[in-house]
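Novice: Can you read through this structure? Questions will come right after.
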Amino acid sequence: MTGVDLRRTLRWGSIAGAVMVFTCAVGLFEAFEDRLLVYPFLSLGHVLLLWFLPLAGYQATNEPVLEGMEAPSKGLHNAMAGLGAGLAGGILIGAFTVIIDAVDVRDVFVRLSARLVDLLTHGWGVPGGLVLLVAVPALLGMAGGMLHLVSAPVRRRLILALEWALVVALLEQVFSQVLRQLRLGAVGNIIFTRRALEWWAALAVAVLVAVLAERARGGIGRIRGYLFAADAVRRTRNSIWSALAVLAFLIVLPQLLGSLLSELLANVGLFLLMGLGLNIVVGLAGMLDLGYVAFFAVGAYTVGVLTSPISPRFDVEWSWWAALPVAILMSVIAGVLVGTPVIRMRGDYLAIVTLGFGEIVRILFLSDWLAPTFGGAQGVRNVPGIPVGVAEIRGSQPVGVLYFAFGLVLVAAWVSWALQESRLGRAWTAIREDETVAAAMGINVVRAKLNAFIVGAILAGLGGALFAAKVGSIFPSSFELLVSIIVLVVVIVGGMGNIPGVAVGAVLLIGVLGGPTQPGLLAEFAEFKLLIYGALLVFMMLRKPEGLLPSVRRSRELRGDELSQDAWLDRPSGGAEVDARPAGG
Amino acid sequence: MDSFLWVVRIGAIVLLIWGVAGTVVQGLSGQGPTGEAWRDLVVAGIAQGAMYGLIALGYSMVYGVLGFINFAHGEVFMSGGMVGFFVANYLWEVGLWETNFVLAILLVLLSSILTSTLVAVIVERIAYRPLRASPRLIPLITSIGISFFLQYTFAGLFGVAVKNYPPPPESLRSRISLLGLEIEGSKLLVIVVAVATMVGLYLFVEKTRTGRSIRAVAEDKEIAALMGIDVNRTIVATFAVGGAMAGVAGTLWALLFRGVSFITGFLPGIKAFTAAVLGGIGNLPGAMAGGVLLGLFEGVGPQLVLAGFGIPGVSQLKDVVAFTALVLVLIFKPTGLFGERLSAEDRA
């Protein structure tokens with residue numbers, strides 16, 4: 001067949017096969033096989049198993065169109081290459097199934113059970129079910145290859161429609177809850193069966209999205225035009241209106257969500273608060289702080305020991321509001337103590353040392369030595385809630401926590417925004433891009449960096465204070481390194497240095513997947529949460545280091561569009577590439 | 001700023017002397033550990049430190065060649081120990097572990113080395129190679145992602161339970177007299193294997209053709225390429241050798257502690273990085289010496305310094321001692337005790 005690159009096809013086919021084998025071997029397929037997405041035939045397990053095949057089929061003939069060259073012709077060969085890739089993948093997973101059916105490896109690989117074989121072969125046993133197991137991937141691969149045959153806008157719409165149908169099915173909980181709160185529970189009962197979207201409803205969603213896709217693009221463009229109006233006075237007025245609109249939305253939202261979803265969103269708020277703080281340290285000042293959890297812990301423990309009636313040492317029983325300034329002061333002190341020694345180090349050493357500080361703090365809170373003050377492994381319990389007027393905000397009323405967290409987040413967002421535009425914020429940007437030049441221009445580099453550390457520490461301490469009142473009891477195990485890493489992933493996935501980006505990251509990750517100990521919307525993912533976080537971090541770094549909603553300036557830096565001579569962003573083999581660029585970038 | 005560093009410096013030294021003095025006073029008044037207990041702490045510290053040193057070699061080599069911290073190296077080490085367990089367990093079931101322990105442990109070692117090497121090379125190919133030209137922190141963040149991904153992949157593949165190696169034979173559990181010192185057999189074996197591996201690696205890097213190309217690429221990638229060295233192959237070789245060292249360390253871990261689980265790699269990984277910095281990053285004998293030193297600090301430090309302040313439960317704080325060592329080294333001697341060996345561009 002002309003135009004089918006056999007090596008490329010086989011390569012993508014074997015990658016697809018490896019993805020499927022991996023999905024089975026770590027237990028993702030089996031765990032989600034019974035979570036239906038589209039009633040009655042498509043489960044989450046199937047999606048996780050097969051999602052890569054259309055992509056592989058598409059990639060099998062995806063040639064970059066070079067400038068000035070003729071685009072490669074489309075035709076049957078696209079479909080055939082996709083089919084070939086899918087077939088190769090299918091044969092791999094088929095062979096894998098035959099092997100685990102014949103050899104019992106359960107003692108070593110805990111997930112490769114007889115049940116897995118049964119599920120993979122659709123219950124038809126090994127020779128019979130194999131046909132299906134090879135044919136479905138082959139067809140999906142062909143479907144992927146055939147995407148080349150439609151024009152780019154149509155392809156975009158098709159993919160978008162498919163994605164939205166899956167998202168609606170996956171987030172069934174949110175949609176049916178919102179429908180219930182709007183007194184439309186009956187609609188929810190019709191389109192959702194056993195937590196899955198009915199197949200005709202999925203089709204309807206897909207069609208709706210495909211039709212509306214272009215219109216939505218236009219709408220987004222108009223919103224952009226509205227927000228970034230050229231006239232300064234109009235721009236200010238417009239942004240005030242839109243801020244009010246967002247505020248109104250945030251006030252109404254908890255009423256729509258009910259207490260379970262409010263709880264999730266309160267966690268989002270907590271992590272958003274910390275994300276905004278880390279965003280200042282990492283995104284604006286350019287220091288990779290892996291010990292961010294230390295400040296969170298300091299804030300939480302300070303509030304805990306000062307307010308709890310059974311605090312091991314202090315018998316003061318302050319209210320949350322009285323303890324808050326102390327917690328912030330403690331965070332500032334911790335920020336200075338950690339920041340001062342580390343800010344002169346080169347970027348990667350700074351990362352590891354802050355990680356070390358984070359662990360030191362956790363181990364100290366856990367130790368017998370400090371147990372008379374902080375309770376050791378028993379932690380501090382009976383931390384009261386936040387008194388607001390006559391009411392008290394605590395974890396058992398998530399809606400209240402949610403409003404309070406929103407309030408703190410708005411303050412934090414305003415502070416970060418104001419700082420970003422301030423003299424200090426510009427100093428951070430300058431330092432991030434070139435420390436030597438910044439120092440030469442008269443910026444006090446050490447002081448500016450230390451300020452970033454302190455502001456970050458304050459926001460984390462505030463998060464800790466909120467956390468203590470929200471959960472009511474604090475244990476050293478809540479302050480693992482994992483917290484730092486997850487906040488970092490939130491900032492990176494959302495977009496370093498961009499406040500709306502961090503918000504998007506927090507909603508997507510903490511809301512959907514969940515925090516280190518907090519469940520997310522897809523609570524069933526708990527076991528695989530960190531696997532997904534790790535994979536996501538790698539994927540973002542390889543494909544989109546600037547995040548989903550990038551800050552323009554930051555993405556230029558990360559893509560190396562500007563001359564980077566700075567120590568932080570030093571390119572290991574930079575010289576030649578930098579020189580090759582036209583001056584002025 | 002500089003005055004602050006001086007305060008920290010003097011404070012650290014004063015606290016150190018104060019703590020040691022307190023411990024000495026306690027010792028003279030007949031409290032505190034006996035001489036034998038001290039000796040055991042030292043030996044255990046050296047054995048554990050030798051293992052850290054082997055892992056540190058991988059950090060040091062990769063940093064020397066590519067200029068970034070391969071945070072996932074601890075997981076490379078864990079993967080070897082984990083797969084080694086299944087081999088050991090099989091050999092125990094067929095009886096070879098008891099009848100011919102030497103052959104059995106060699107097989108375990110081999111499987112552990114192969115696994116770690118393979119994991120290191122695959123990770124390089126998939127995650128690090130596309131990022132060669134990125135800013136330095138990008139591969140570091142990637143390696144953190146890889147680290148979590150590998151941890152939870154192993155948890156998914158093999159389950160989350162701690163896997164206990166079969167007990168070593170009687171001869172290793174008893175004490176062996178050596179130069180008037182009585183040392184636990186397994187610890188002695190760990191030290192001997194670590195030293196032998198280190199000598200082997202040193203010869204490899206200094207004498208073989210591949211070793212020379214590794215040094216050349218660490219010095220300057222572009223000139224190395226001009227001299228006809230295949231840079232990609234050399235980088236793969238670096239990861240492979242570092243992985244193999246981590247594989248040896250995986251088996252040594254099993255000899256020392258027996259239990260392996262999917263999070264085993266994290267703490268030794270961080271500590272090995274500390275060891276690499278302590279010895280001077282890029283400096284291979286330095287990494288080994290740094291490992292032994294760190295093991296000693298960690299083994300003896302809590303008893304020697306912290307107990308002098310009358311702090312209870314000092315053994316809980318041994319990780320604090322290790323991390324404090326890291327912080328102090330990076331504040332006061334970021335080039336390490338034995339000098340770092342980096343190309344000019346990585347040193348920036």
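Novice: Within region B:191-232, how many residues are touching a strand residue (DSSP E or B) at 6+ places or on another chain (Cβ under 9 Å) and over 19 Å from B:LEU109 (Cα atoms)? I'd like the intermediate steps shown before the answer.
Specialist: First, the residues of region B:191-232 that are touching a strand residue (DSSP E or B) at 6+ places or on another chain (Cβ under 9 Å): B:191.
Then keep just the ones that are over 19 Å from B:LEU109 (Cα atoms); that gives none.
Residues flagged as touching a strand residue (DSSP E or B) at 6+ places or on another chain (Cβ under 9 Å) and over 19 Å from B:LEU109 (Cα atoms) within region B:191-232 amount to 0.
Novice: Which residue out of A:VAL342, A:VAL316 is in contact with a helix residue (DSSP H, G or I) (Cβ under 8 Å, 6 or more places away or on another chain) and closer than 29 Å to A:GLY494 by Cα?
Specialist: Working: A:VAL316 fails: closer than 29 Å to A:GLY494 by Cα.
That would be A:VAL342, the only listed residue that is in contact with a helix residue (DSSP H, G or I) (Cβ under 8 Å, 6 or more places away or on another chain) and closer than 29 Å to A:GLY494 by Cα.
Novice: Consider region B:130-164. How many of its residues are buried (at least 23 other Cβ atoms within 10 Å of the Cβ), more than 8 Å from every other protein chain (Cβ to nearest Cβ) and within 18 Å of B:PHE86 (Cα to Cα)?
Specialist: Number satisfying all stated conditions: 1.
Novice: Looking only at helices (runs of 4 or more DSSP H) that lie completely in region A:364-479, which have at least 2 residues being away from chain B (no Cβ under 14 Å)?
Specialist: It comes to A:398-421, A:423-433, A:435-440, A:445-471.
Novice: Name the single residue, out of those in region B:312-334 being touching a residue at least 40 places away in the same chain (Cβ under 8 Å) and more than 7 Å from chain A (Cβ to nearest Cβ), that is surrounded by the fewest Cβ atoms within 10 Å (Cβ to Cβ).
Specialist: First, the residues of region B:312-334 that are touching a residue at least 40 places away in the same chain (Cβ under 8 Å): B:319, B:322-323, B:325-326, B:328-332, B:334.
This time we only want the ones that are more than 7 Å from chain A (Cβ to nearest Cβ), so: B:322, B:325, B:328-329, B:332.
Working: B:ALA322: 24, B:ALA325: 22, B:LEU328: 16, B:VAL329: 24, B:PHE332: 12.
Filtering first and then ranking leaves B:PHE332.
Novice: Now for a different question. Which of the following residues is more than 17 Å from A:CYS24 (Cα to Cα) and without any contact (Cβ under 8 Å) to a residue 24 or more places away in the chain: A:GLY68, A:GLY75? Please lay out each step first, then the result.
Specialist: Values: A:GLY75 fails: without any contact (Cβ under 8 Å) to a residue 24 or more places away in the chain.
Within the list A:GLY68, A:GLY75, the selection yields A:GLY68.
Novice: Residues A:GLY84, A:GLY27: which one is closer than 30 Å to A:ALA169 by Cβ and of a type outside the set (Ser, Thr, Tyr)? Outline the logic, then answer.
Specialist: Details: A:GLY84 fails: closer than 30 Å to A:ALA169 by Cβ.
After applying the criteria, what remains is A:GLY27.
Novice: Let me confirm something: among B:GLY259, B:GLY286, B:GLY291, which residue is away from chain A (no Cβ under 13 Å), farther than 25 Å from B:LEU131 by Cβ, surrounded by fewer than 24 Cβ atoms within 10 Å (Cβ to Cβ) and touching a residue at least 60 places away in the same chain (Cβ under 8 Å)? Before you say what the answer is, go through the steps one by one.
Specialist: On the way: B:GLY286 fails: surrounded by fewer than 24 Cβ atoms within 10 Å (Cβ to Cβ); B:GLY291 fails: surrounded by fewer than 24 Cβ atoms within 10 Å (Cβ to Cβ).
Sole residue among the options that is away from chain A (no Cβ under 13 Å), farther than 25 Å from B:LEU131 by Cβ, surrounded by fewer than 24 Cβ atoms within 10 Å (Cβ to Cβ) and touching a residue at least 60 places away in the same chain (Cβ under 8 Å): B:GLY259.
Novice: Now for a separate question. If I ask for residues that are of a type outside the set (A, V, I, L, M, F, W, C) and touching a Ser or Thr at 6+ places or on another chain (Cβ under 6 Å), which ones from region B:41-78 would you list?
Specialist: Taking region B:41-78 first, the residues of a type outside the set (A, V, I, L, M, F, W, C) are B:45, B:48-49, B:52-53, B:58-60, B:63-64, B:67, B:70, B:73-75.
The answer is B:ASN70, B:GLU75.
Novice: Of all the helices (runs of 4 or more DSSP H) wholly in region A:1-93, which have at least 2 residues that are more than 22 Å from A:ILE159 (Cα to Cα) and small (Gly, Ala, Ser)?
Specialist: Those helices (runs of 4 or more DSSP H) span A:6-25.
Novice: Turning to a different aspect of this structure: Quick test of your reading of the structure: B:ALA127 fulfils all but one of (1) out of contact with any Ser or Thr (no Cβ under 8 Å at 6 or more places or on another chain); (2) within 10 Å of chain A (Cβ to nearest Cβ); (3) of a type in the set (Gly, Ala, Ser). Name the failing condition by number.
Specialist: In the conditions (1) out of contact with any Ser or Thr (no Cβ under 8 Å at 6 or more places or on another chain); (2) within 10 Å of chain A (Cβ to nearest Cβ); (3) of a type in the set (Gly, Ala, Ser), B:ALA127 misses (1) alone.
Novice: How many of the residues making up region A:164-185 are within 20 Å of A:ARG217 (Cα to Cα) and in contact (Cβ under 8 Å) with a residue 24 or more places away in the chain?
Specialist: Just the residues of region A:164-185 that are within 20 Å of A:ARG217 (Cα to Cα), to begin with: A:164-165, A:167-168.
When the remaining residues are screened for being in contact (Cβ under 8 Å) with a residue 24 or more places away in the chain, the result is A:164-165, A:168.
Residues flagged as within 20 Å of A:ARG217 (Cα to Cα) and in contact (Cβ under 8 Å) with a residue 24 or more places away in the chain within region A:164-185 amount to 3.
Novice: Let me confirm something: among A:VAL168, A:VAL110, A:VAL205, A:VAL209, which residue is within 14 Å of another protein chain (Cβ to nearest Cβ) and in contact with a Phe, Trp or Tyr (Cβ under 7 Å, 6 or more places away or on another chain)? Walk me through it before giving the result.
Specialist: Numbers: A:VAL168 fails: within 14 Å of another protein chain (Cβ to nearest Cβ); A:VAL205 fails: within 14 Å of another protein chain (Cβ to nearest Cβ); A:VAL209 fails: within 14 Å of another protein chain (Cβ to nearest Cβ).
Going through A:VAL168, A:VAL110, A:VAL205, A:VAL209 in turn, the sole match is A:VAL110.
Novice: Report yes if A:GLY304 is in a helix (DSSP H, G or I), within 14 Å of another protein chain (Cβ to nearest Cβ) and modelled with pLDDT of 90 or more, otherwise no.
Specialist: no
Novice: Hey, another quick one. Which members of region A:32-47 meet the condition of being of a type in the set (A, V, I, L, M) and surrounded by fewer than 20 Cβ atoms within 10 Å (Cβ to Cβ)? Full working, then the answer.
Specialist: Of region A:32-47, the ones of a type in the set (A, V, I, L, M) are A:36-38, A:42, A:44, A:47.
The answer is A:LEU42, A:VAL47.
Novice: Right, another one. Would you please name the residue that is nearest to A:GLY27 (Cα to Cα), looking only at residues in region A:512-530 that are away from chain B (no Cβ under 14 Å) and in a helix (DSSP H, G or I)?
Specialist: Among those residues, the one meeting the criterion is A:GLU524.
Novice: Please find, among A:GLU198, A:GLU214, A:GLU172, A:GLU163, the residue that is surrounded by fewer than 16 Cβ atoms within 10 Å (Cβ to Cβ), within 23 Å of A:PHE32 (Cα to Cα) and among the charged types (D, E, K, R). Explain how you work it out, then say what you get.
Specialist: Values: A:GLU198 fails: surrounded by fewer than 16 Cβ atoms within 10 Å (Cβ to Cβ); A:GLU214 fails: within 23 Å of A:PHE32 (Cα to Cα); A:GLU172 fails: surrounded by fewer than 16 Cβ atoms within 10 Å (Cβ to Cβ).
Answer to the selection: A:GLU163.
Novice: For region B:103-120, state whether one or more residues are within 9 Å of chain A (Cβ to nearest Cβ), at negative phi and in contact with a helix residue (DSSP H, G or I) (Cβ under 8 Å, 6 or more places away or on another chain).
Specialist: Let us first name the residues in region B:103-120 that are within 9 Å of chain A (Cβ to nearest Cβ), namely none.
No: region B:103-120 contains no residue that is within 9 Å of chain A (Cβ to nearest Cβ), at negative phi and in contact with a helix residue (DSSP H, G or I) (Cβ under 8 Å, 6 or more places away or on another chain).
Novice: On to the next question. Which ones in region A:219-240 are part of a helix (DSSP H, G or I) and either over 29 Å from the mean Cα position of the chain (by Cα) or touching a residue at least 60 places away in the same chain (Cβ under 8 Å) (or both)? Step through it out loud before you land on a result.
Specialist: Applying the first criterion (part of a helix (DSSP H, G or I)) to region A:219-240 yields A:219-227, A:232-240.
If the condition is that a residue be part of a helix (DSSP H, G or I) and either over 29 Å from the mean Cα position of the chain (by Cα) or touching a residue at least 60 places away in the same chain (Cβ under 8 Å) (or both), then A:ALA232, A:VAL233, A:ARG234, A:ARG235, A:THR236, A:ARG237, A:ASN238 are the ones that fit.
Novice: Name the residue, out of B:ALA12, B:ALA21, B:ALA47, B:ALA37, that is of a type in the set (A, V, I, L, M, F, W, C) and at pLDDT 90 or above. Even if it seems obvious, please write down each step before you answer.
Specialist: Numbers: B:ALA12 fails: at pLDDT 90 or above; B:ALA21 fails: at pLDDT 90 or above; B:ALA37 fails: at pLDDT 90 or above.
It is B:ALA47.
Novice: Restrict the check to region A:276-288 and report whether at least one residue is over 22 Å from A:GLU421 (Cβ atoms), assigned by TED's automatic domain parsing to the domain that holds A:LEU462 and at pLDDT below 95. It would help to see each step written out before you state the result.
Specialist: Kept after step one, since they are over 22 Å from A:GLU421 (Cβ atoms), are these residues of region A:276-288: A:288.
Subset that is assigned by TED's automatic domain parsing to the domain that holds A:LEU462: A:288.
Those left that are additionally at pLDDT below 95: A:288.
Yes: one or more hits.
Novice: Look at A:THR340 and say whether it is within 14 Å of another protein chain (Cβ to nearest Cβ), in contact (Cβ under 8 Å) with a residue 40 or more places away in the chain, more than 29 Å from the chain's Cα centre (by Cα) and closer than 30 Å to B:ARG136 by Cβ. Steps first, please.
Specialist: Details: within 14 Å of another protein chain (Cβ to nearest Cβ): yes; in contact (Cβ under 8 Å) with a residue 40 or more places away in the chain: yes; more than 29 Å from the chain's Cα centre (by Cα): yes; closer than 30 Å to B:ARG136 by Cβ: yes.
Yes; evaluated as a whole, the condition is true for this residue.
Novice: Yes or no: B:VAL43 over 23 Å from B:GLY185 (Cα atoms) and surrounded by 13 or more Cβ atoms within 10 Å (Cβ to Cβ)? Reasoning before the result, please.
Specialist: Numbers: over 23 Å from B:GLY185 (Cα atoms): no; surrounded by 13 or more Cβ atoms within 10 Å (Cβ to Cβ): yes.
Judged against the criteria, B:VAL43 is not a match.
Novice: Which of the residues belonging to region A:531-548 are at the interface with chain B (Cβ under 7 Å from one of its Cβ atoms) and either touching a Cys at 6+ places or on another chain (Cβ under 8 Å) or at pLDDT below 90 (or both)? First the steps, then the outcome.
Specialist: Pass one, region A:531-548, residues at the interface with chain B (Cβ under 7 Å from one of its Cβ atoms): A:531, A:533-535, A:537-538, A:541-542, A:545.
The answer is A:PRO545, and nothing else.
Novice: A further question on this structure: Mind listing whichever residues of region A:20-56 are among the polar types (S, T, N, Q) and away from chain B (no Cβ under 14 Å)?
Specialist: Step one: of region A:20-56, the residues among the polar types (S, T, N, Q) are A:23, A:43.
Matches in region A:20-56: A:SER43 only.
Novice: Looking only at region A:312-335, how many residues end up being farther than 16 Å from A:ILE360 by Cβ and surrounded by fewer than 22 Cβ atoms within 10 Å (Cβ to Cβ)?
Specialist: 15
Novice: Only one of (1) modelled with pLDDT of 90 or more; (2) part of a helix (DSSP H, G or I); (3) within 14 Å of another protein chain (Cβ to nearest Cβ) fails for A:PHE295. Which number is that?
Specialist: Condition (3) is where A:PHE295 drops out.
Novice: Within region B:18-39, can one find any residue that is of a type in the set (Phe, Trp, Tyr) and surrounded by 24 or more Cβ atoms within 10 Å (Cβ to Cβ)? Before the answer, list the steps.
Specialist: Of the residues in region B:18-39, the ones of a type in the set (Phe, Trp, Tyr) are B:18, B:38.
Imposing the further condition that a residue be surrounded by 24 or more Cβ atoms within 10 Å (Cβ to Cβ) reduces the set to none.
No; the residues of region B:18-39 include none that is of a type in the set (Phe, Trp, Tyr) and surrounded by 24 or more Cβ atoms within 10 Å (Cβ to Cβ).
Novice: Do the conditions hold for A:PHE357, that is, is it assigned to a helix (DSSP H, G or I), within 9 Å of chain B (Cβ to nearest Cβ), aromatic (Phe, Trp, Tyr) and buried (at least 22 other Cβ atoms within 10 Å of the Cβ)? Before you say what the answer is, go through the steps one by one.
Specialist: Details: assigned to a helix (DSSP H, G or I): yes; within 9 Å of chain B (Cβ to nearest Cβ): yes; aromatic (Phe, Trp, Tyr): yes; buried (at least 22 other Cβ atoms within 10 Å of the Cβ): yes.
Judged against the criteria, A:PHE357 is a match.
The values are calculated or read from the model by the stated rules, or taken from the named source; none is laboratory data. Fair warning: this is a prediction, and the values are worked out from it, not measured in the lab. Heads up, the Cβs are rebuilt from the backbone with ideal geometry, glycines too, and the neighbour counts pull from every protein chain shown.
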